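Accompanying notes for the structure given below.
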Amino acid sequence: MSFLYPHFSPAFRWGLVVFVLGGVVVWSSVHCLESSPLPPHLRSPPKGAWERVARRAKNALGDGLHLAGSGSNLVITRALAAAFREAYPNAHLVVHESIGSTGGVRAVLDGVITLGLIARPLRPHEMHPRLRVFPYARVPIAIIAHPDVRTPFITQDEMIATLQGEAKPWPDGTPRIWLLRERGDAGTEVLIRHIKGLREAMEEALSAKRFRVVYHDHELIRAVLGLRGSLGISDL
């Protein structure tokens, strides 16, 4: 997961650093991507840094800092924002609903939001001198299933067979149904990089319109809970 933000002045960037420091409150649920020691200015932010950047943000955007992007980032980002508000009651942070990583990139470039939430690296065509990427957390990617599915695990071959429409039903006779994500979904891309043949099976299933396509993480979870025999890819 990463924050994506415009290349503003040093004072503005200080505010983003202070925001991320709120994550120590929920440290048990995240792992930093960087293992090297923090530089001194991150370990001890100057007093009043938030107030200064808040004034700048208010002048620039009118009502504080707005964050939006990938749905995978929302739970942890909202926890960070809530923890930060406890430390800085005057802070005004708005974490919007999912617009996807691509939407987050576009919204930052258009000046609609302050921070874009992305769950993947920037693509070559998204590289822009005005943007900076700051990794801040990791989340596991999981294969999730309807609660009635009692099978303790699914093999890679079974995943591909399910996508191809060739897998046997579950032991109770319920058909296996894969709820797909759209092309370019960050969680799917993670698995594709590690499972041979998965990209081709996903692409063929999408082209054949074999299964329903779900566009947001929270929608996928609701769909899996509501459809017996279903599987899907989600962050944990």
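Derivation of every value follows stated rules applied to the coordinates shown; laboratory data play no part. All figures in this text were calculated on a predicted structure; none of them were measured in a lab. Glycine gets a Cβ as well: all are built from the backbone with ideal geometry, and neighbour counts include every protein chain shown.
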Counting only backbone N atoms under 18 Å from a point 7 Å out along Cα-to-Cβ of R222, the residues of region 163-198 in range are 179-182
Going residue by residue through region 94-110, the Karplus relation 6.51 cos²θ - 1.76 cosθ + 1.60 with θ = phi - 60° gives ³J(HN,Hα) values, rounded to whole Hz and with x marking Gly or Pro, of 10, 9, 7, 5, 4, 10, x, 4, 4, x, x, 4, 5, 5, 5, 5, 7
Trypsin sites (Lys or Arg not before Pro) in region 143-187 lying in a DSSP loop, each with at most 14 other Cβ atoms within 10 Å of its Cβ, come to R150, R183
Rounded to the nearest whole number, the per residue volume of the convex hull around the C-alpha atoms of region 171-231 in Å³ is 95 Å³
Between the modelled labels at R130 and H92 (7 Å from Cα along Cα→Cβ) the distance in nm is 2.3 nm
tail above 24 Å in the computed P(r) of region 84-183, as % of all Cα-Cα pairs, reads 51 percent
Ordering 136-145, 82-91 by per-residue average of other C-beta atoms within 10 angstrom, highest first, gives 136-145, 82-91
Ranked output for segments 108-119, 217-228, 189-200 by mean other Cβ atoms within 10 Å, highest leading, reads 108-119, 217-228, 189-200
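Where the only charges are on Cβ atoms (+1 Lys, Arg; -1 Asp, Glu), what is the dipole of region 149-227 about its Cα centre, to the nearest 20 debye?
Details: 12 positive and 12 negative charges, 23 e Å.
Here the size comes out at about 100 debye.
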Dipole check, region 108-236, charges on Cβ (K,R +1; D,E -1), about Cα centroid: among V149, V213, G111 the Cα furthest to the positive pole belongs to G111
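Please state the relative contact order of region 83-236 as a whole percent: Cα pairs under 8 Å, 6+ residues apart?
This gives 29 percent for region 83-236.
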For region 166-228 the chymotrypsin sites (Phe, Trp or Tyr not before Pro) that pass both the DSSP coil test and the at-most-13 other-Cβ-within-10 Å test are Y215
Placing each pseudo-label 7 Å from Cα in the direction of the beta carbon, A82 and R138 end up separated by a distance in nanometres of 2.5 nm
So the FRET efficiency between D157 and R193, C-beta based with R0 = 22 Å and rounded to 0.05, is 0.80
